[in-house]
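Asks: One structure, pasted below without further comment.
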Amino acid sequence: MPLALHPEPRWDLSPAEAIHLQEQLRDQVRIWPLPQEAVRQVGGVDVGFDAERAYAAVVVLDYATLQPVERVIGTAAITFPYVPGLLSFREIPAILNALARLARLPDVFMVDGHGLAHPRRLGIAAHLGILLDLPAIGCAKSILIGRHKPLAEAVGSTAELLDGDEVIGAAVRTRIHARPLYVSIGHRVDLPSAIRLVLTCGRGYRLPEPTRLAHHFASHMKGTRL
């Protein structure tokens with residue numbers, strides 16, 4: 001399906017230009033509640049790499065049943081260097097290639113990566129959400145920036161992820177005796193809505209089902225010629 005992007009992205013940037021673009025785009029992040037009844041389908045997004053290409057997997061699930069309804073893979077040549085904090089410039093071209101293969105876009109995306117929990121408040125979930133102008137949530141396995149207090153072992157326990165005094169996300173216990181997941185706002189969602197959606201999409205694993213399935217699909221399809 002054709003993608004309407006806001007703004008039309010450029011990927012032929014130097015790291016310094018990419019940082020400048022992040023600083024411009026971060027003011028476009030919109031934060032508001034995402035009602036549960038507004039979500040019928042959730043898309044999980046994950047990206048894998050080989051030496052030359054990125055492989056993006058998107059798995060769309062029915063929100064009520066968490067059953068997959070569509071899955072696609074997209075690829076793109078790696079043209080941007082590996083720079084922490086700028087990974088969206090390596091990954092989003094492949095993601096957009098995958099999304100163009102969907103019959104329809106889901107109501108919200110869960111992305112394996114950060115949103116506002118980023119030094120310039122524009123991780124991949126925020127960057128992708130702005131480009132699509134759709135709700136997006138960052139679901140990261142490790143901290144890029146910030147700190148949090150210890151959280152209880154019970155599933156559903158949370159602790160604010162702080163950069164100084166600013167709340168940039170939350171550590172969320174999604175599985176007992178497992179390390180927390182780091183949830184942050186991407187776009188068109190607030191933090192309570194993001195946490196609720198991530199926990200609702202849990203099936204006893206550390207990762208929510210959308211990104212867990214996307215991760216497995218990306219790993220399985222890496223190296224596939226499309």
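Read-outs throughout are calculated quantities, based only on the coordinates presented, and are distinct from any laboratory measurement. Predicted, not measured: the structure shown is a model, and the values here were computed from it. As a convention, Cβ positions derive from the backbone with ideal geometry for all residues, glycine included, and neighbour counts pool all protein chains shown.
Asks: Exposure proxy check: 49, 89, 109, 80 ranked by fewest other beta carbons within 10 Å?
Replies: Values: 49 15, 89 23, 109 29, 80 20.
By the 10 Å Cβ count, ascending, the order reads 49, 80, 89, 109.
Asks: What does the convex hull of the alpha-carbon atoms of the chain project to on average, in nm²? Display every interim value, and only then the final one.
Replies: Numbers: hull surface 46.4 nm².
Hull-based average projected area comes out at 11.6 nm².
Asks: Between residue 49 and residue 1, what length comes free when the chain is fully extended (0.36 nm per residue of separation minus the Cα-Cα distance, one decimal in nm)? Each step should come with its number before you reach the end.
Replies: On the way: separation 48, 0.36 × 48 = 17.28 nm, distance 2.43 nm.
That works out to 14.9 nm of additional length.
Asks: List the longest stretch of the chain that has no exposed loop site; here a site is one of the GluC sites (Glu not before Pro) assigned by DSSP to anything other than H, G, I, E or B, with at most 13 other Cβ within 10 Å. The partial results should precede the final answer.
Replies: Numbers: sites that count: 52, 153.
Excluding the exposed sites themselves, the longest stretch runs over 53-152.
Asks: Distances longer than 12 Å among the Cα atoms of the stretch 76-118: what percent of all pairs is that? Don't skip to the answer; put the middle values down first.
Replies: Numbers: 609 of 903 pairs.
Everything past 12 Å amounts to 67 percent.
Asks: With the crude spin-label approximation of a point 7 Å out along Cα→Cβ, what separation in nm comes out for residue 30 versus residue 14?
Replies: Taking the two extended label points, one gets 3.5 nm.
Asks: Put a dot 7 Å past each Cα toward the Cβ at residue 177 and residue 155; how far apart are the dots in nm?
Replies: A separation of 1.4 nm, rounded to one decimal place.
Asks: If you don't mind, there's one more thing I want to ask. Give me the extension gain from residue 62 to residue 205: residue separation times 0.36 nm, minus the current Cα-Cα distance, reported in nm with one decimal. Display every interim value, and only then the final one.
Replies: Working: separation 143, 0.36 × 143 = 51.48 nm, distance 1.80 nm.
Full extension from residue 62 to residue 205 adds 49.7 nm.
Asks: On a C-alpha basis, how far is the centre of the stretch 38-68 from the centre of the stretch 84-116 in Å? Whole number, if you could?
Replies: Cα centres, the stretch 38-68 to the stretch 84-116: 9 Å.
Asks: Considering only 130, 208, 21, whose Cα is most displaced toward the positive end of the charge dipole of the chain, charges sitting on Cβ of Lys, Arg (+1) and Asp, Glu (-1)?
Replies: 208
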